[in-house]
Amino acid sequence: MELTKSPADFASAHADNLFSFVDVDETSLQELIYYNANDEMVAIRRYVGCNSIDTSPKSILLRMLSPAPLANITQSGFLRPEGRDAMLSLEYDGGEGLTPMILFTSSHHNHTANSIMGSWEQWRTIAPGECDEVAFCLSEGATIVANVSAGGRSQMLGSFTATTKGVVLFALSADDILSRAPLAADSSAFELRFAIGGRLCALIKYRLRSPHHSDVRLAWLNREGGISYHTFRLAERRLHRSSVECASSLGREVVSAESWVEQTLQSEVLSQAQTDQLSELFSSANLWICSNEGIEPQILLSSELLLEGEGARRITLSVRSAKSLCVSK
C-alpha cells in the first residue's frame, strides 16, 4: 500500500485531515496503528476489502486535547502549555511504513509554522489585576522575542527558543507589564510586538481600563485554537432550583434536587470589530470564568446582541457554573 496524503504540522484537530492510501491489498486485513508522542499506541483501525483507505484522526485527537486558561499569572513570559496540541504518527502496511510525528492543534483552522494563531494585528482591553495570553505555532529551534512599547519607550520583555515544535504562549500579567513599563500620566495604552527569527509576526494593542467591583472576566476557546478573554459587568444574579418528585405513601416526595446560580453579564458598548471577535464565545465548546479563586467552567444559557445607535452594540449573556451547587437524594 502507498501513502499518498498526510496532514502537515499544525493541522487542525477539528478538521478531517486525512491519511490517504492507494494500492491496498483487498484480500488481507489492513491495520493502521496510531502512536502518541511517547510512542504509546492510542488507537488501531482495521480495514478489509478496500483498495484505498482514507482515515481521519479527528476523534482520537479530540480525546487527547484539553485546552484551558492559565491560572495565577503573576509574571509575563513565554511557556509551553499543556493540552493545546497533540502529536500522532501512523504505522501502516504491516509495520513496513511509519509516518513522522505530526503535530495537531485545538484550532479549527490549519496553521503554518512560526506564526501567530489569529490575526497578526489585534486590539484588546485589560485592567490592572487581569491576565491575557497570545498563542503562536513554533517549529523546533525557532526563537520568538517580545517587546512592549509604553509611554514612548520600548523594552524587551523576554525571548523563547522552542526545543520541540508546538504551541507556545506569551502569558501576560497586566500588573507585571505596568510595573516594568509604566504608562505616562496622559496615556492609557501599550503595545506588544512579537518577532520570530527577527521578523515581526504580531502586534497586540492594549487599552487599559479601570477595574470595577462588578467585573467578571470570561475566557473561551476561540476558533484559532487560542484562549480569548474579555471582561463583562455583572448585571444580575439569580438562584434557581430544580427538583424531581415521586408519589409515595406519605404523599409527594423529593427524589433529587439541584440548585445553581445564573449570572447575567453585560459588555461595554462595542464596535463592529469587537462584536465580531466576541461573537465566537456564542459557539465555543469551552467557556470559563477567571477570578482570583481560579478557573471555573461555565455553561452559556443565552446570549443577546443589542443595537444601540449607529455602529454601537452591546452583548448580554446568561451563564451558570458547569457544576451544580448541591444535589440531594
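The values are calculated or read from the model by the stated rules, or taken from the named source; none is laboratory data. Given the structure is predicted, the values throughout are model-derived calculations rather than measurements. Note that each Cβ is placed from the backbone with ideal geometry, even for glycine, and that neighbours are counted across all protein chains shown. Heavy atoms of the whole protein, side chains included, go into the accessibility calculation; ligands, DNA and RNA do not. Shrake-Rupley method; radii C 1.70, N 1.55, O 1.52, S 1.80 Å.
Using 0.36 nm times the number of residues separating residue 253 and residue 36, minus their current alpha carbon distance, what extension gain do you get?
Gain in length upon complete extension: 73.0 nm.
Quick check for you: with a 1.4 Å probe and neighbouring chains kept, what is the accessible area per residue of the chain, in Å²?
Accessible area per residue, the chain: 51 Å².
To the nearest 0.05, how large is the calculated FRET efficiency for residue 54 and residue 79 if R₀ is 35 Å and r is the Cβ-Cβ distance?
Details: r = 37 Å, r/R0 = 1.05.
Using R0 = 35 Å, I get an efficiency of 0.45.
Viscosity 0.692 mPa s, temperature 37 °C: give me the Stokes-Einstein translational D for the range 8-84 in µm²/s, with Rh taken as the Kirkwood radius over C-alpha pairs.
214
Sequence-distant or interchain residues sharing an amide H contact under 5 Å with residue 201, placed H: which?
194, 195, 196
Please work out how much length the chain gains when fully extended from residue 240 to residue 203, using 0.36 nm per residue of separation minus the C-alpha to C-alpha distance, in nm with one decimal.
Length gained, residue 240 through residue 203: 9.0 nm.
For the pair residue 312 and residue 279, how long in nm is the line joining their label points, each one 7 Å along Cα→Cβ?
Placing both labels 7 Å beyond Cα along the Cβ direction yields 2.0 nm.
Give me the dipole magnitude in Debye, nearest 20, for the chain about the Cα centre, with unit charges on the beta carbon: positive for Lys and Arg, negative for Asp and Glu.
Roughly 1160 debye for the chain.
Which of rounded, prolate, oblate describes the range 1-147, given a ≥ b ≥ c as roots of the alpha-carbon gyration tensor eigenvalues and a/c under 1.5 marking rounded, otherwise prolate only if a/b is larger than b/c?
prolate
For the chain, compute Rh as the Kirkwood radius over C-alpha pairs and then the Stokes-Einstein diffusion coefficient at 4 °C and 1.567 mPa s; write the answer in µm²/s, rounded to an integer.
Values: Rh = 22.7 Å.
Roughly 57 µm²/s, to the nearest whole number.
At a Förster distance of 30 Å, what's the computed FRET efficiency of residue 164 paired with residue 305, Cβ-Cβ distance as r, to 0.05?
After rounding to 0.05, the efficiency reads 0.10.
Cross-link list 58/323; 165/323; 5/323; 5/205: which exceed 31 angstrom alpha carbon to alpha carbon?
Values: 58/323 28 Å; 165/323 35 Å; 5/323 43 Å; 5/205 40 Å.
With Cα atoms farther than 31 Å apart: 165/323; 5/323; 5/205.
Just going by the charge dipole of the chain, with Lys and Arg at +1 and Asp and Glu at -1 on Cβ, which of 216, 30, 108 is farthest out on the positive end?
216
Please compute the length gained on full extension between residue 154 and residue 62, using 0.36 nm multiplied by the number of residues separating them and subtracting their Cα-Cα distance.
Net length gain for the segment: 29.1 nm.
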